[in-house]
1. Considering only segment 88-104, I want to know if a residue exists there that is in contact with a helix residue (DSSP H, G or I) (Cβ under 6 Å, 6 or more places away or on another chain) and aliphatic (A, V, I, L, M).
2. I'm trying to understand the selection: among the residues of segment 24-39, which are open to solvent by less than 50 Å² (accessible area, probe 1.4 Å) and part of a loop (DSSP other than H, G, I, E, B)?
3. Of the residues V332, V324, only one is within 16 Å of ligand 2 (Cβ to nearest atom), in contact (Cβ under 8 Å) with a residue 60 or more places away in the chain and of a type in the set (V, I, T); which?
4. Where in segment 436-521 are the helices (runs of 4 or more DSSP H), entirely inside, with at least 2 residues that are open to solvent by less than 20 Å² (accessible area, probe 1.4 Å), touching a residue at least 12 places away in the same chain (Cβ under 8 Å) and within 16 Å of ligand 2 (Cβ to nearest atom)?
5. Please find, within segment 478-495, the residue that is farthest from ligand 1 (Cβ to nearest atom) out of those that are of a type in the set (A, V, I, L, M, F, W, C) and over 15 Å from H78 (Cβ atoms).
6. Looking at this structure, is S554 over 17 Å from I471 (Cβ atoms), surrounded by fewer than 24 Cβ atoms within 10 Å (Cβ to Cβ) and modelled with pLDDT of 95 or more?
7. Which one of the conditions (1) more than 17 Å from G134 (Cβ to Cβ); (2) of a type in the set (D, E, K, R); (3) open to solvent by 20 Å² or more (accessible area, probe 1.4 Å) does K172 fail to meet, given that it meets all the rest?
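The values are calculated or read from the model by the stated rules, or taken from the named source; none is laboratory data. Here the structure is a predicted model, which is why all the values come from computation and not from measurement. FYI the Cβ positions are ideal-geometry reconstructions off the backbone, even for glycines, and counts take in every protein chain you see. Note: accessible area is taken over every heavy atom of the protein model, side chains too, but ligands, DNA and RNA are not part of it. Shrake-Rupley method; radii C 1.70, N 1.55, O 1.52, S 1.80 Å.
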Amino acid sequence: MGLNITQKILKEHLLEGELIPGTEIGIRIDQTLTQDSTGTMAYLQFEAMGIDRVKTKKSVAYIDHNMLQQGFENADDHKYIQTVAHKHGIYFSRPGNGICHQVHLERFGVPGETLLGSDSHTPTGGGLGMIAIGAGGLDVAVAMGGGTYYITMPKVVNVKLTGRLRPFVSAKDIILEVLRRMTVKGGVGKVIEYTGDGVRSLSVPERATITNMGAELGATTSIFPSDEVTKAFLKAQQREAVWRSITSDENATYDEVIEICLDDLEPLAAMPHSPDQVKKVKEIGEISVDQVAIGSCTNSSYQDLMKVAQILKGKTVHPSVSLVIAPGSKQVLNMLAKNGALADLINAGARILEAGCGPCIGMGQAPASNAISLRTFNRNFKGRCGTVSAGVYLVSPETAAVSAISGKLTDPRLHPVEVFVEMPEVFEVNDNMIIPPAKEGEKVEVIKGPNIKPFPINTPLEDVIEGKALIKVEDNITTDHIMPSNAKLLPFRSNIPHLSEHCLVPCNPDFPKRAKENNGGFIIGGENYGQGSSREHAALVPLYLGIKAVLAKSFARIHRSNLINAGILPLVFVDVEDYDDIDEFDELQMGNLKEGLEKDCIVVKNVTKQKEYKMNIHCTDKELKILVAGGKINAIRSKA
Ligand code: MIC
Ligand code: SF4
């Protein structure tokens, strides 16, 4: 039987299990990446495992998120990551070198290899034909140590692209269309594989825009073939030697097929406050815009920013708009500087930020109260931009640039001249901001500043757990709700006690106090609980606050794994109506837990209401062992 691209790569990396959707498989990880906001925790955990040198083909530590240095904290974290990377065989991408996903695509990604990253947008690597998956820091630490990575074998959805994009319609509009059709939970348990004639007309960075934002579908990952376009990109990056062809077999089969005719697409926007609230720009109408932000791992490539520069050349940003641009990498910024496009951007009034995540993770440039902000980013969850009352629309670079001039949301097709940017035949290659690991790691001293606090470790699972339902939240709660990130909080990513004061505060400001007063308890969640980021802080902080289980209608993949790794039970209502029955402060009790987990039937007693609810956990044998041990660190230790 013919294989699709996903099956081919997974088959080559399969260590345990069979490629049967829904069953557990263990795969070998070739490459890892970390960034600084999840990296400190990942390396603390790696150190706790006591392994001298990484066992992967390549591991890279990036500094791109925590770039504002208002105090010593971020700078200390950078120093810690730099030294720990140097010691243990990890490449270090210095601050200023760019966003992890953009740089990894340019300099490290290899078609056909597997990449595990402590960031949910790691699937960007799928643009090069990699199986690139986002995970919690601990899973990445284990992979760095040569450990197998376990996932549920996903279903494979084929998105068949036909035709060609029309002028001013871009790759961003393709993924927005997929989000419109599939929604933020439509990709759970699936890999999205792109094929069809339309693929040939998309460059690698355009493909990467699509696989990047596949994270917002909740998908395990997204992938494109590795073809002549991939080869040309790698050649232009002076890396042609790593290219190989990977396409799906003629008779490959898929679990689902979606067709998108590129000729029919129009400029789209995701409206506040969810990436799947997608409408045509022309349908939304010409609303006034206060801020335009261009960049992020979704749309900060050379091609993206050159298009923006062509649109802005000789113009001035509208007086009521603040336009900020964060280039994706030093390579991109350098090339714009050399060919004069940077001058066009500056002249038009763009505020140029350093190459990094910047406003995407709320590191500065929070919009004004009630402002409308157009962003080329991938997430518009309420408050993520730093201003709760602001409304963020996710758009393409073309829509962003044209709107920055007009001062209102504008269909870019109204722009009088067509913009066209060829992929360069040669990129500016200079890896001087990437520090290779030390040859003799033992001689390197790891420097830990005072902000780096130990991380919490759970205790083995008890057979009876009880406590109050401390909070009840609705569907699609994101990790930005559970553990908010912004310029004030990101410096404390290695300080769980400090972060705990802010846990679930966007849902209920009293939550941390309630958890402390009641000695921990339970969280009641809706559908897709924990969507979004890979930050394991959204599990470690609840652990620190004594949360023993989350009872939800369903979970997002990475957050569910992070909860299990922390030894917190992710329980799913068998009858979703039971969710309605529980009120905050109800006293809950579950007994005979180990047997219940093994049989996948946990009975939760609502002592207050004198009722019982059946819950599932759907965990594998390995997950069960982790939960019983009280989290992954304990499970690893007891095995050792
Ligand atoms: C994000 O986009 O939310 C982040 C910041 O990149 C996160 C990682 C984090 O929380 O540090 C992600 O997407 O995984
Ligand atoms: Fe950085 Fe934003 Fe991409 Fe996350 S989504 S990696 S914060 S640019």
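1. Within segment 88-104, not a single residue is in contact with a helix residue (DSSP H, G or I) (Cβ under 6 Å, 6 or more places away or on another chain) and aliphatic (A, V, I, L, M).
2. Passing the criteria: I29, D30, Q35.
3. V332
4. In segment 436-521, 479-482 are the helices (runs of 4 or more DSSP H) which contain 2 or more residues that are open to solvent by less than 20 Å² (accessible area, probe 1.4 Å), touching a residue at least 12 places away in the same chain (Cβ under 8 Å) and within 16 Å of ligand 2 (Cβ to nearest atom).
5. Checking each candidate, the answer is A487.
6. Against the criterion (over 17 Å from I471 (Cβ atoms), surrounded by fewer than 24 Cβ atoms within 10 Å (Cβ to Cβ) and modelled with pLDDT of 95 or more), S554 qualifies.
7. So the condition that K172 fails would be (3).
One line per residue, one yes/no per condition, for (1) in contact with a Phe, Trp or Tyr (Cβ under 9 Å, 6 or more places away or on another chain); (2) basic (K, R):
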{"position": "G349", "(1), (2)": "no, no"}
{"position": "A368", "(1), (2)": "no, no"}
{"position": "A371", "(1), (2)": "no, no"}
{"position": "S396", "(1), (2)": "yes, no"}
{"position": "V402", "(1), (2)": "yes, no"}
{"position": "K408", "(1), (2)": "no, yes"}
{"position": "D411", "(1), (2)": "yes, no"}
{"position": "E422", "(1), (2)": "no, no"}
{"position": "E425", "(1), (2)": "no, no"}
